[in-house]
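The values are calculated or read from the model by the stated rules, or taken from the named source; none is laboratory data. No experiment lies behind these values; they were computed from the predicted model shown. Every residue, glycine as well, gets a Cβ built from its backbone with ideal geometry; the counts of neighbours run over all protein chains shown. Accessible surface areas use protein heavy atoms only, side chains included; no ligands, DNA or RNA. Shrake-Rupley method; radii C 1.70, N 1.55, O 1.52, S 1.80 Å.
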Amino acid sequence: MPRYAYYRLTALDNSFLMLEKPNSYMHVGSTQIHKTGPLRTEGGGVDAARIRKLLAALLHRIPRYRQKLAWIPFENHPVWVDDDNFNLDFHLRHTGLPRPGTDEQLKRLSARILQQHLDRNRPLWEMWIVEGLEDDRFAIISKTHHCMIDGASGVDIMRVLMSPEPEMRTPDEPTWVPRPAPSGFELMRHEFLRRASLPLAVLRGAVSAMRTAESVRFDVMTRVRALTEAMGGSLRLPSETPFNREIGPHRRFEWLTMDLADIKKLRKSLGGSLNDIVLAIVTGAVRDFLRARHVNPDKLDFRVMAPVSVRSENEHGALGNRVSAWIVPLPIGTADRRLQLERITERTTWLKDSKSAVGAEVLTQAAEYTPSTLLALGARNMTRLLPFNLVVTNVPGPQAPMYMLGAEMLEPDPGALRLRRQP
């Protein structure tokens, strides 16, 4: 057995490192709001020491949180290795708002925290406990680099740190000993062997597909058609809008809360899926925004990129990214809300039937065989030739109450729009 341990980042995970720039942050951010409840201290604050003890006891279930980046020499491809100088206090911070802190103040604090890059010399995550929020609440601001998680794995981490029951016992902290990292020579040797075995791996995959596919011709044609659609969409640039300008270092963090029950009522009466309803809401908001900026939306080709999870059942709990993508044109040229929803439903139904998400997945799989230098060049070009104007993602959160040491979570993972379960 090797005396060291490391994990090679996939091409998709690595792309989120490549896409990061001084004014472009590639971490996933969230702000959870909790009732203080049993975590209230005598002085009216939050018992951050108990939260720290809980996190220390559960970190072994999130091993990536104790790992940092290392790089294969010459190849310049990243790998995960255990951080032999890991210090939880660097990642878990405790701060506060001047009482009584408002939601607006919390949003501004969230923006300031999220507009700072993560230190690439350490594990790529931070968690901020924020006390002083009005109505006896506190917040947890989290940021984790996108090369570590996607939306689904972010929800899985939430389930690790919380319980569906108010009573939550803090387990004993297990002993953790960092595993040795490989030397640069060992990383180079393994990379050489990996590349030498790629042709055989591709051949084995092709033979396996021939043996197991019910309809090989259908499967191949589906992938070719989906790949053609994905490539064609990437070559057609959308219209210029006020959304698509050079960005600065500063951010605003905003959210709008709606009851999930109301969205389900709309879906029942108007048709479509819950995702279609969300996209229709975004369509109306974008149209109103552009008109307020004196931009005529009637002739614009406005597209959103909607990530689609391709995570299988046995991959729940695993970190990293398992996503593909849809490119969805939003019908912002019409003011009729019902017609907007109808057109979106037609498009998403076609995307499902044509298995369009397969195209992006095929490109991702092909990237595994591409040298990092070429991937970096492609990533730089992609940022200049994005085939969409906006990203809209919908990640299903917990469908039942969740608690952290008895403190009930009131608002999970807000973004521009969050859907809240009714009590």
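Results, tabulated for the structure shown:
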{"item": "Extension reserve of the K265-R99 stretch, reckoned as 0.36 nm per residue once the Cα distance is removed", "result": "56.0 nm"}
{"item": "Solvent accessible area, Å² - Y7, 1.4 Å probe, full protein context", "result": "100 Å²"}
{"item": "Solvent-accessible area of L274 with every protein chain in place, 1.4 Å probe, in Å² to the nearest 10", "result": "30 Å²"}
{"item": "Relative contact order (percent, whole number), the stretch 31-188, Cα cutoff 8 Å, 6+ residue spacing", "result": "33 percent"}
{"item": "Kirkwood hydrodynamic radius over Cα pairs of the stretch 84-129, then Stokes diffusion coefficient at 25 °C and 0.890 mPa s, in µm²/s", "result": "202 µm²/s"}
{"item": "Sequence of E342, E167 from largest to smallest accessible area, 1.4 Å probe", "result": "E167, E342"}
{"item": "Counted charge near N275, where neighbours are those whose Cβ lies closer than 13 Å (Asp, Glu -1; Lys, Arg +1)", "result": "+3"}
{"item": "Accessible-area order (highest first, 1.4 angstrom probe) of the listed residues R169, R194, R120", "result": "R169, R120, R194"}
{"item": "nm² value of the averaged projected area, convex hull over the Cα atoms of the stretch 263-305", "result": "3.6 nm²"}
{"item": "Backbone N within the stretch 87-115 under 12 Å of label point (7 Å from A56 Cα along the Cβ vector)", "result": "87-90"}
